[in-house]
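Working notes for the structure below.
The values are calculated or read from the model by the stated rules, or taken from the named source; none is laboratory data. Please read all numbers here as calculations on a predicted model, not as lab measurements. Methodologically, a virtual Cβ is constructed for each residue, glycine included, from the backbone with ideal geometry; neighbour enumeration extends over all protein chains shown. Note: areas computed on protein heavy atoms with side chains; ligands, DNA, RNA excluded. Shrake-Rupley method; radii C 1.70, N 1.55, O 1.52, S 1.80 Å.
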Amino acid sequence: MDNLEAQTYETFEKGTMKYTQYQRAVSKALLDRVPDEEASTSRTVLMVVGAGRGPFVRASLQAAEETGRKLKVYAVEKNLNAVVTLHSLIRMEGWDNMVTIISSDMRCWDAPEKADILVSELLGSFGDNELSLECLDRAQRFLKPDDISIPSSYTSFIQPVTALKLYNNVKSHKDLAHFETAYVVKLYRVARLAPSKSVFTFTHPEYSDNKSNQRYKKLHFEIPADTGSALVHGFAGYFDAVLYKDVHLGIEPTTTTPNMFSCSTSTQLLKKMSLPSHM
Ligand SMILES: C[S@@+](CC[C@H](N)C(=O)[O-])C[C@H]1O[C@@H](n2cnc3c(N)ncnc32)[C@H](O)[C@@H]1O
(Lines give C-alpha, C1' and ligand atoms only; values in the text may rest on other atoms or scores of the structure.)
Protein backbone atom coordinates (compact mmCIF):
# COMPACT_ATOMS: atom_id res chain seq x y z
CA MET A 1 0.00 0.00 0.00
CA ASP A 2 2.78 2.44 0.98
CA ASN A 3 5.81 3.29 -1.10
CA LEU A 4 8.96 1.90 0.47
CA GLU A 5 11.86 4.12 1.54
CA ALA A 6 15.27 3.84 -0.15
CA GLN A 7 16.63 2.49 3.12
CA THR A 8 14.14 -0.39 3.08
CA TYR A 9 15.23 -1.38 -0.43
CA GLU A 10 18.81 -1.23 0.76
CA THR A 11 17.98 -3.67 3.56
CA PHE A 12 16.26 -6.03 1.07
CA GLU A 13 19.24 -5.89 -1.24
CA LYS A 14 21.66 -6.93 1.50
CA GLY A 15 19.83 -10.27 1.74
CA THR A 16 21.62 -11.74 -1.26
CA MET A 17 20.36 -15.28 -0.56
CA LYS A 18 16.90 -14.32 -1.75
CA TYR A 19 18.24 -13.21 -5.13
CA THR A 20 20.42 -16.31 -5.43
CA GLN A 21 17.34 -18.49 -4.94
CA TYR A 22 15.34 -16.47 -7.49
CA GLN A 23 18.20 -16.73 -9.97
CA ARG A 24 18.28 -20.52 -9.51
CA ALA A 25 14.51 -20.66 -10.02
CA VAL A 26 14.62 -18.54 -13.20
CA SER A 27 17.52 -20.64 -14.56
CA LYS A 28 15.56 -23.85 -14.04
CA ALA A 29 12.42 -22.37 -15.58
CA LEU A 30 14.38 -21.15 -18.64
CA LEU A 31 15.99 -24.57 -19.14
CA ASP A 32 12.56 -26.23 -18.90
CA ARG A 33 10.91 -23.77 -21.27
CA VAL A 34 13.55 -23.54 -23.98
CA PRO A 35 15.30 -26.69 -25.23
CA ASP A 36 19.01 -26.38 -26.11
CA GLU A 37 18.34 -26.53 -29.86
CA GLU A 38 16.07 -23.44 -29.61
CA ALA A 39 18.33 -21.47 -27.26
CA SER A 40 19.61 -19.09 -29.94
CA THR A 41 16.26 -18.54 -31.68
CA SER A 42 13.60 -18.58 -28.94
CA ARG A 43 13.24 -15.52 -26.73
CA THR A 44 11.49 -15.77 -23.37
CA VAL A 45 9.40 -12.84 -22.14
CA LEU A 46 9.85 -12.40 -18.40
CA MET A 47 7.99 -9.81 -16.32
CA VAL A 48 9.25 -8.74 -12.92
CA VAL A 49 6.18 -7.33 -11.19
CA GLY A 50 7.19 -5.20 -8.20
CA ALA A 51 10.76 -4.78 -9.49
CA GLY A 52 11.90 -2.35 -6.78
CA ARG A 53 15.37 -1.00 -7.64
CA GLY A 54 16.19 -3.93 -9.91
CA PRO A 55 17.73 -6.90 -8.04
CA PHE A 56 15.32 -9.38 -9.65
CA VAL A 57 16.00 -7.88 -13.08
CA ARG A 58 19.70 -8.50 -12.46
CA ALA A 59 19.07 -12.04 -11.15
CA SER A 60 16.91 -12.84 -14.20
CA LEU A 61 19.48 -11.52 -16.69
CA GLN A 62 22.22 -13.47 -14.91
CA ALA A 63 20.06 -16.61 -15.14
CA ALA A 64 19.67 -16.01 -18.89
CA GLU A 65 23.43 -15.59 -19.28
CA GLU A 66 24.16 -18.68 -17.19
CA THR A 67 21.77 -20.85 -19.22
CA GLY A 68 22.51 -19.29 -22.63
CA ARG A 69 18.83 -18.34 -23.12
CA LYS A 70 17.55 -15.14 -24.73
CA LEU A 71 15.44 -12.93 -22.51
CA LYS A 72 13.24 -9.88 -22.84
CA VAL A 73 12.39 -8.30 -19.48
CA TYR A 74 9.58 -5.97 -18.44
CA ALA A 75 10.22 -4.42 -15.02
CA VAL A 76 6.92 -3.19 -13.54
CA GLU A 77 7.11 -0.96 -10.46
CA LYS A 78 4.60 1.43 -8.89
CA ASN A 79 7.01 3.35 -6.63
CA LEU A 80 8.24 6.36 -8.64
CA ASN A 81 11.37 6.77 -6.50
CA ALA A 82 12.39 3.16 -7.12
CA VAL A 83 11.67 3.65 -10.84
CA VAL A 84 14.19 6.52 -10.99
CA THR A 85 16.90 4.27 -9.51
CA LEU A 86 15.83 1.45 -11.81
CA HIS A 87 16.26 3.71 -14.88
CA SER A 88 19.81 4.63 -13.87
CA LEU A 89 20.69 0.97 -13.17
CA ILE A 90 19.51 -0.07 -16.65
CA ARG A 91 21.42 2.79 -18.27
CA MET A 92 24.57 2.13 -16.25
CA GLU A 93 24.55 -1.60 -16.99
CA GLY A 94 23.72 -1.07 -20.69
CA TRP A 95 20.60 -3.24 -20.48
CA ASP A 96 18.38 -0.82 -22.48
CA ASN A 97 17.87 -3.25 -25.36
CA MET A 98 16.79 -6.08 -23.03
CA VAL A 99 14.77 -4.34 -20.29
CA THR A 100 11.66 -2.16 -20.55
CA ILE A 101 10.71 -0.27 -17.41
CA ILE A 102 7.01 0.18 -16.74
CA SER A 103 6.19 2.79 -14.14
CA SER A 104 2.75 1.56 -13.13
CA ASP A 105 0.65 -0.42 -10.72
CA MET A 106 0.63 -3.99 -12.07
CA ARG A 107 -3.12 -4.19 -11.44
CA CYS A 108 -3.85 -1.48 -14.04
CA TRP A 109 -1.11 -1.93 -16.64
CA ASP A 110 -2.07 -3.12 -20.12
CA ALA A 111 0.81 -5.32 -21.22
CA PRO A 112 1.68 -5.13 -24.95
CA GLU A 113 2.42 -8.87 -25.02
CA LYS A 114 2.00 -11.94 -22.82
CA ALA A 115 4.71 -13.22 -20.49
CA ASP A 116 6.23 -16.68 -20.35
CA ILE A 117 7.50 -16.15 -16.80
CA LEU A 118 6.11 -13.83 -14.12
CA VAL A 119 8.52 -13.06 -11.27
CA SER A 120 7.36 -11.40 -8.05
CA GLU A 121 8.24 -11.10 -4.39
CA LEU A 122 5.32 -9.67 -2.47
CA LEU A 123 5.38 -12.27 0.25
CA GLY A 124 5.89 -10.34 3.47
CA SER A 125 6.71 -12.59 6.39
CA PHE A 126 3.48 -14.59 6.42
CA GLY A 127 3.25 -15.35 2.69
CA ASP A 128 -0.01 -13.50 2.15
CA ASN A 129 0.38 -10.29 4.16
CA GLU A 130 1.80 -7.98 1.47
CA LEU A 131 -1.11 -8.23 -0.97
CA SER A 132 0.65 -10.84 -3.09
CA LEU A 133 -2.65 -12.56 -3.84
CA GLU A 134 -4.51 -9.41 -4.73
CA CYS A 135 -1.69 -8.19 -6.99
CA LEU A 136 -0.92 -11.52 -8.68
CA ASP A 137 -4.59 -12.33 -9.28
CA ARG A 138 -4.66 -9.25 -11.50
CA ALA A 139 -1.15 -9.64 -12.94
CA GLN A 140 -1.71 -13.24 -14.06
CA ARG A 141 -3.65 -11.89 -17.03
CA PHE A 142 -0.24 -11.06 -18.55
CA LEU A 143 0.81 -14.69 -18.36
CA LYS A 144 0.34 -17.14 -21.23
CA PRO A 145 -1.93 -20.02 -20.16
CA ASP A 146 0.02 -22.71 -18.27
CA ASP A 147 3.17 -20.65 -18.10
CA ILE A 148 5.29 -20.02 -15.05
CA SER A 149 4.84 -17.90 -11.96
CA ILE A 150 7.83 -17.57 -9.64
CA PRO A 151 6.84 -18.14 -6.84
CA SER A 152 4.46 -20.92 -7.84
CA SER A 153 3.01 -21.30 -4.33
CA TYR A 154 3.44 -20.19 -0.75
CA THR A 155 2.29 -21.49 2.60
CA SER A 156 1.96 -19.69 5.91
CA PHE A 157 2.77 -21.35 9.26
CA ILE A 158 2.09 -20.53 12.90
CA GLN A 159 3.58 -21.71 16.15
CA PRO A 160 2.66 -20.92 19.79
CA VAL A 161 5.40 -19.02 21.61
CA THR A 162 6.31 -17.58 24.96
CA ALA A 163 7.85 -14.14 24.36
CA LEU A 164 7.74 -12.16 27.56
CA LYS A 165 9.53 -9.04 26.35
CA LEU A 166 7.32 -8.67 23.28
CA TYR A 167 4.23 -9.39 25.35
CA ASN A 168 5.17 -6.68 27.88
CA ASN A 169 5.87 -4.18 25.08
CA VAL A 170 2.42 -4.79 23.64
CA LYS A 171 0.79 -4.72 27.09
CA SER A 172 2.39 -1.35 27.91
CA HIS A 173 0.03 0.31 25.39
CA LYS A 174 -2.88 -0.66 27.66
CA ASP A 175 -5.40 -1.26 24.89
CA LEU A 176 -6.85 -4.15 22.95
CA ALA A 177 -5.91 -2.74 19.54
CA HIS A 178 -2.22 -3.41 20.13
CA PHE A 179 -2.99 -7.00 21.09
CA GLU A 180 -5.01 -7.43 17.91
CA THR A 181 -2.14 -6.28 15.71
CA ALA A 182 0.33 -8.42 13.81
CA TYR A 183 3.93 -7.35 14.44
CA VAL A 184 6.91 -7.75 12.16
CA VAL A 185 9.83 -8.53 14.45
CA LYS A 186 12.97 -10.61 14.50
CA LEU A 187 12.28 -13.10 17.25
CA TYR A 188 15.14 -13.32 19.65
CA ARG A 189 14.33 -14.22 23.22
CA VAL A 190 11.47 -16.58 22.57
CA ALA A 191 10.49 -20.12 23.55
CA ARG A 192 8.87 -22.05 20.70
CA LEU A 193 6.37 -24.28 22.47
CA ALA A 194 5.30 -26.75 19.77
CA PRO A 195 6.24 -27.50 16.16
CA SER A 196 4.75 -25.02 13.71
CA LYS A 197 1.76 -26.01 11.59
CA SER A 198 0.80 -24.93 8.10
CA VAL A 199 -2.12 -22.52 7.79
CA PHE A 200 -2.93 -21.40 4.23
CA THR A 201 -1.45 -22.29 0.84
CA PHE A 202 -1.94 -20.22 -2.30
CA THR A 203 -0.81 -21.18 -5.80
CA HIS A 204 -0.15 -19.07 -8.90
CA PRO A 205 -1.36 -18.82 -11.55
CA GLU A 206 -4.85 -19.80 -10.46
CA TYR A 207 -7.51 -19.72 -13.16
CA SER A 208 -10.41 -21.64 -11.60
CA ASP A 209 -13.83 -20.02 -12.03
CA ASN A 210 -14.87 -20.24 -8.40
CA LYS A 211 -11.54 -19.04 -7.02
CA SER A 212 -11.71 -17.43 -3.60
CA ASN A 213 -8.92 -16.12 -1.39
CA GLN A 214 -11.03 -16.49 1.73
CA ARG A 215 -9.66 -19.06 4.13
CA TYR A 216 -10.55 -20.37 7.58
CA LYS A 217 -8.56 -22.84 9.63
CA LYS A 218 -8.69 -24.31 13.12
CA LEU A 219 -5.43 -25.77 14.45
CA HIS A 220 -4.67 -27.84 17.52
CA PHE A 221 -1.20 -27.71 19.11
CA GLU A 222 0.15 -30.28 21.56
CA ILE A 223 2.73 -28.76 23.87
CA PRO A 224 5.19 -31.56 24.79
CA ALA A 225 4.74 -32.79 28.37
CA ASP A 226 8.39 -32.13 29.27
CA THR A 227 7.97 -28.40 28.50
CA GLY A 228 6.69 -27.84 32.04
CA SER A 229 4.34 -24.94 32.63
CA ALA A 230 4.37 -22.21 30.01
CA LEU A 231 2.21 -19.27 29.12
CA VAL A 232 1.36 -18.86 25.45
CA HIS A 233 1.84 -15.17 24.71
CA GLY A 234 0.95 -15.44 21.07
CA PHE A 235 1.85 -17.03 17.78
CA ALA A 236 4.92 -16.68 15.61
CA GLY A 237 4.12 -16.67 11.91
CA TYR A 238 6.34 -17.81 9.04
CA PHE A 239 6.13 -18.59 5.35
CA ASP A 240 7.66 -21.01 2.91
CA ALA A 241 7.47 -20.33 -0.81
CA VAL A 242 8.06 -22.75 -3.66
CA LEU A 243 9.76 -20.53 -6.21
CA TYR A 244 10.04 -23.18 -8.91
CA LYS A 245 10.08 -26.98 -8.51
CA ASP A 246 12.66 -27.79 -5.78
CA VAL A 247 13.82 -24.19 -5.30
CA HIS A 248 12.23 -22.69 -2.23
CA LEU A 249 12.57 -19.67 0.02
CA GLY A 250 11.31 -19.37 3.55
CA ILE A 251 11.69 -18.68 7.23
CA GLU A 252 9.82 -21.61 8.79
CA PRO A 253 12.39 -22.71 11.42
CA THR A 254 12.76 -26.35 10.28
CA THR A 255 13.19 -25.54 6.58
CA THR A 256 14.50 -21.98 6.70
CA THR A 257 16.68 -20.71 3.87
CA PRO A 258 20.06 -19.80 5.40
CA ASN A 259 21.25 -16.18 5.67
CA MET A 260 17.87 -14.53 5.24
CA PHE A 261 17.64 -11.20 6.96
CA SER A 262 15.64 -8.73 4.89
CA CYS A 263 12.46 -7.63 6.59
CA SER A 264 10.36 -9.77 4.29
CA THR A 265 12.15 -12.92 5.32
CA SER A 266 13.20 -12.79 8.95
CA THR A 267 10.00 -11.69 10.53
CA GLN A 268 7.27 -13.15 12.59
CA LEU A 269 3.96 -11.94 13.79
CA LEU A 270 2.61 -12.09 17.26
CA LYS A 271 -1.02 -11.99 18.25
CA LYS A 272 -2.84 -12.34 21.48
CA MET A 273 -4.32 -15.70 22.21
CA SER A 274 -7.35 -16.11 24.47
CA LEU A 275 -6.25 -18.23 27.37
CA PRO A 276 -8.47 -20.37 29.57
CA SER A 277 -9.05 -18.59 32.87
CA HIS A 278 -7.12 -21.17 34.92
CA MET A 279 -3.81 -20.48 33.11
C1 LIG B 1 8.89 -6.63 -1.16
S2 LIG B 1 9.32 -5.41 -2.35
C3 LIG B 1 10.47 -6.29 -3.34
C4 LIG B 1 11.28 -5.36 -4.15
C5 LIG B 1 12.44 -5.99 -4.95
N6 LIG B 1 11.98 -7.10 -5.73
C7 LIG B 1 13.59 -6.34 -4.01
O8 LIG B 1 13.71 -7.46 -3.55
O9 LIG B 1 14.34 -5.41 -3.73
C10 LIG B 1 7.87 -5.34 -3.35
C11 LIG B 1 7.95 -4.31 -4.47
O12 LIG B 1 6.75 -4.41 -5.21
C13 LIG B 1 6.24 -3.11 -5.47
N14 LIG B 1 4.79 -3.26 -5.62
C15 LIG B 1 3.90 -3.63 -4.66
N16 LIG B 1 2.65 -3.66 -5.16
C17 LIG B 1 2.75 -3.29 -6.48
C18 LIG B 1 1.80 -3.12 -7.51
N19 LIG B 1 0.50 -3.34 -7.30
N20 LIG B 1 2.25 -2.76 -8.74
C21 LIG B 1 3.58 -2.54 -8.96
N22 LIG B 1 4.53 -2.67 -8.00
C23 LIG B 1 4.12 -3.05 -6.77
C24 LIG B 1 6.65 -2.30 -4.26
O25 LIG B 1 6.66 -0.90 -4.54
C26 LIG B 1 8.04 -2.87 -4.00
O27 LIG B 1 9.00 -2.19 -4.76
* Asked: Name the pairs: first residue in the stretch 179-202 and under 18 Å from residue 241 (Cβ atoms), second residue aromatic (Phe, Trp, Tyr) and buried (at least 16 other Cβ atoms within 10 Å of the Cβ), Cβ to Cβ under 8 Å, at least 6 apart or on different chains?
  -> 196/157; 196/238; 197/157; 198/157; 199/157; 201/154; 202/154
* Any pair with Cβ under 7 angstrom, 6 or more apart, that starts in the stretch 94-121 at a residue that is within 14 Å of the ligand (Cβ to nearest atom) and ends at one that is at pLDDT 95 or above and among the polar types (S, T, N, Q) -> 118/149; 119/60
* Asked: Which one of these does residue 144 not meet: (1) among the charged types (D, E, K, R); (2) within 9 Å of the ligand (Cβ to nearest atom); (3) touching a strand residue (DSSP E or B) at 6+ places or on another chain (Cβ under 7 Å)?
  -> (2)
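Rundown of residues vs (1) within 30 Å of residue 136 (Cβ to Cβ); (2) in the same structural domain as residue 130 (by TED's automatic domain parsing); (3) in a loop (DSSP other than H, G, I, E, B); (4) open to solvent by 40 Å² or more (accessible area, probe 1.4 Å), yes/no style:
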{"residue": "165", "(1), (2), (3), (4)": "no, no, no, yes"}
{"residue": "194", "(1), (2), (3), (4)": "no, no, yes, no"}
{"residue": "205", "(1), (2), (3), (4)": "yes, no, yes, no"}
{"residue": "208", "(1), (2), (3), (4)": "yes, no, yes, yes"}
{"residue": "215", "(1), (2), (3), (4)": "yes, no, yes, yes"}
{"residue": "222", "(1), (2), (3), (4)": "no, no, yes, yes"}
* Would you say residue 198 is of a type in the set (S, T, N, Q), at pLDDT 95 or above and not assigned by TED's automatic domain parsing to the domain that holds residue 28? -> yes
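Kindly establish whether residue 226 is acidic (Asp, Glu), within 30 Å of residue 140 (Cα to Cα) and modelled with pLDDT under 95. Write out each step before concluding.
Values: acidic (Asp, Glu): yes; within 30 Å of residue 140 (Cα to Cα): no; modelled with pLDDT under 95: yes.
Answer is no for this residue.
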* To do: Out of the residues in the stretch 67-93 that are among the hydroxyl-bearing types (Ser, Thr, Tyr) and in contact with a helix residue (DSSP H, G or I) (Cβ under 9 Å, 6 or more places away or on another chain), state the one that is farthest from the ligand (Cβ to nearest atom).
  => 67
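Would the stretch 26-44 turn up any residue that is within 16 Å of the ligand (Cβ to nearest atom) and at negative phi?
Within the stretch 26-44, one or more residues are within 16 Å of the ligand (Cβ to nearest atom) and at negative phi.
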* Asked: What is the number of the single condition among (1) within 29 Å of residue 58 (Cβ to Cβ); (2) open to solvent by 10 Å² or more (accessible area, probe 1.4 Å) that residue 151 does not meet?
  -> (2)
* Would you mind finding the one in 51, 63 that is more than 9 Å from the ligand (Cβ to nearest atom), open to solvent by less than 20 Å² (accessible area, probe 1.4 Å) and of a type in the set (Gly, Ala, Ser)? => 63
* To do: Return the pairs, sorted by first residue and then second, in which the second residue is surrounded by 13 or more Cβ atoms within 10 Å (Cβ to Cβ), the first residue lies in the stretch 80-93 and is acidic (Asp, Glu), the beta carbons are less than 8 Å apart, and the residues are 6+ apart or on different chains.
  => 93/58
